[in-house]
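The values are calculated or read from the model by the stated rules, or taken from the named source; none is laboratory data. Fair warning: this is a prediction, and the values are worked out from it, not measured in the lab. All Cβ positions, even for glycine, are placed from backbone atoms using ideal geometry, and neighbour counts span all protein chains on display.
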Amino acid sequence: MVQAAISVFGLAVFMLLAGPACAADGGERLTFIDVAGAPGDGEQALERALSNKMLDRGFAVTGTPAVGAYEIQGMVRLAPAERGKESIRIDWTVFGPEGARLGNVTQVKVIRKGSLDRRWGPAADAAAEAAAQDIIELLQNLASGTPKAPPSP
């Protein structure tokens, strides 16, 4: 197991690479995306934004779980932070077409308290862009058998 950390669009992103290699290239790559725990319109906004990002990267997206599809589950958590702020954490767990857990991408950011209580708008797009980039990298690394090395401190 290899752990890597990078920063994308101000979000700390951590990837835990685990499980068998997957075939991320060849054939139609079908994806189902499900998000839970987000306030406001976050669940729908994140699902829609990540679906669009995955479509841009050559994946077909289904609205329901399907046999042979990758499944990406997003879990959103908010926690109090200091002085009118809160911490948002989005854990994206990626499952392969056979149902095996392939890895995890985690995003963490401190935001103004309540700023995502209604509409997510550009925040969903930014989170989805960073997540899609790292999910694709995760799948490519697993397909090539080359885990990503942690950055030097």
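Of all residues in the stretch 111-119, none are touching a strand residue (DSSP E or B) at 6+ places or on another chain (Cβ under 8 Å), free of Cβ contacts under 8 Å to residues at least 24 places away in the same chain, under 23 Å from SER51 (Cβ atoms) and crowded, with 16+ Cβ neighbours inside 10 Å.
Table: residues versus (1) over 16 Å from the mean Cα position of the chain (by Cα); (2) part of a helix (DSSP H, G or I); (3) at pLDDT 95 or above.
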| residue | (1), (2), (3) |
| --- | --- |
| GLY26 | yes, no, no |
| PHE32 | no, no, yes |
| GLY40 | yes, no, yes |
| GLU43 | no, yes, yes |
| LYS53 | no, yes, yes |
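Being modelled with pLDDT under 95, out of contact with any helix residue (DSSP H, G or I) (no Cβ under 9 Å at 6 or more places or on another chain) and surrounded by 18 or more Cβ atoms within 10 Å (Cβ to Cβ) narrows it down to one residue among PRO153, PRO97, PRO65; which is it? Of PRO153, PRO97, PRO65, the one residue that is modelled with pLDDT under 95, out of contact with any helix residue (DSSP H, G or I) (no Cβ under 9 Å at 6 or more places or on another chain) and surrounded by 18 or more Cβ atoms within 10 Å (Cβ to Cβ) is PRO97.
For residues that are closer than 16 Å to VAL35 by Cα and among the small types (Gly, Ala, Ser), tally how many sit in the stretch 70-92.
Applying the first criterion (closer than 16 Å to VAL35 by Cα) to the stretch 70-92 yields 70-78, 88-92.
Restricting the remaining residues to those that are among the small types (Gly, Ala, Ser) gives 74.
Number of matching residues: 1.
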